[in-house]
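Novice: Below are the structure tokens for one structure; questions will follow.
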Amino acid sequence: MANDNRDRRDRRNRRENPEVKESEFEDRVVAIRRVVKVVKGGRNMRFSALVVVGDKKGRVGVGTGKAAEVPEAIRKAKQAAEKHLITVALDENQSIPHDYVGTYGSAEVLLKRSKEGTGIIAGGPARSVCELAGIRNIRTKSLGSNNKQNVVLATLSGLAAIRTPEQVSALRNKPVEEL
């Protein structure tokens, strides 16, 4: 009974306020930082949020947002992430087709394909990206910088650069068997 009322209220709110809509993406807050700007009158404090969104079917994105309050910063970051989505190439056992090292700034993330049943072996920031991308079997190692934002962006750049054998064969104009 209570769920029916809640569903009706949610539908009514979406009808009256078109901005309130259900997203097909799941989001995860990776980092929230308090940033301070020193001005003549004192210190202006704001919050910066790093959010990863994904549909667990091969699409994932990352965004940052800054605002005077934490929920607003998270909302802005989520909107930015949904605008910058990439598609991740997955193989038959929900892993990546080949190993790759993604880089961003001084952060490097080694992405290694794994067999079925391995799970996601990754640190916090890289784990968020892999889980929301829909990868179920992967091993990662963060090399270089341990800055959360750079590690997330390095993981994302690595996943964006990975190609399936079919994509490579189309680029080289050769059948998959020759590769």
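Novice: State which residue is nearest to the chain's Cα centre (by Cα) when the search covers only region 162-179 and only residues that are under 20 Å from Arg136 (Cβ atoms) and either of a type outside the set (D, E, K, R) or at pLDDT below 90 (or both).
Specialist: Restricting to residues being under 20 Å from Arg136 (Cβ atoms) and either of a type outside the set (D, E, K, R) or at pLDDT below 90 (or both), the top hit is Ile162.
Novice: I've got another one for you. Just give me the residues in region 95-112 being outside any strand (DSSP E or B), in contact (Cβ under 8 Å) with a residue 40 or more places away in the chain and either of a type in the set (D, E, K, R) or crowded, with 17+ Cβ neighbours inside 10 Å (or both), in sequence order. Don't jump to the end; show me each part of the working.
Specialist: So in region 95-112, the residues outside any strand (DSSP E or B) come out as 95-99, 105-106.
If we keep only those that are in contact (Cβ under 8 Å) with a residue 40 or more places away in the chain as well, we get 95-98, 105-106.
Result: Ser95, Ile96, Pro97.
Novice: Let me ask something else about it. Taking region 34-49, which residues are in a strand (DSSP E or B) and over 19 Å from Val129 (Cα atoms)?
Specialist: Answer for region 34-49, where residues must be in a strand (DSSP E or B) and over 19 Å from Val129 (Cα atoms): Arg34, Val35, Val36, Lys37, Val38, Val39, Gly42, Arg43, Asn44, Met45, Arg46, Phe47.
Novice: Just to check your reading of the model, which residue among Leu153, Leu171 is of a type outside the set (Asp, Glu), assigned to a helix (DSSP H, G or I) and either loosely packed, with under 14 Cβ neighbours inside 10 Å or in contact with an Asp or Glu (Cβ under 7 Å, 6 or more places away or on another chain) (or both)?
Specialist: Leu171
Conditions (1) within 13 Å of Leu156 (Cβ to Cβ); (2) not assigned by TED's automatic domain parsing to the domain that holds Val152, marked per residue:
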{"position": "Phe47", "(1), (2)": "no, yes"}
{"position": "Ala107", "(1), (2)": "yes, no"}
{"position": "Leu111", "(1), (2)": "yes, no"}
{"position": "Lys141", "(1), (2)": "no, no"}
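Novice: Quick test of your reading of the structure: Glu166 fulfils all but one of (1) surrounded by fewer than 16 Cβ atoms within 10 Å (Cβ to Cβ); (2) part of a strand (DSSP E or B). Name the failing condition by number.
Specialist: (2) is the only condition that Glu166 fails.
Novice: Related question: Considering Lys76, Lys40, Lys56, which residue is out of contact with any Ser or Thr (no Cβ under 7 Å at 6 or more places or on another chain) and modelled with pLDDT of 95 or more?
Specialist: Lys76
The values are calculated or read from the model by the stated rules, or taken from the named source; none is laboratory data. On a predicted model such as this, the values are computed, not experimentally measured, just so you know. Note that each Cβ is placed from the backbone with ideal geometry, even for glycine, and that neighbours are counted across all protein chains shown.
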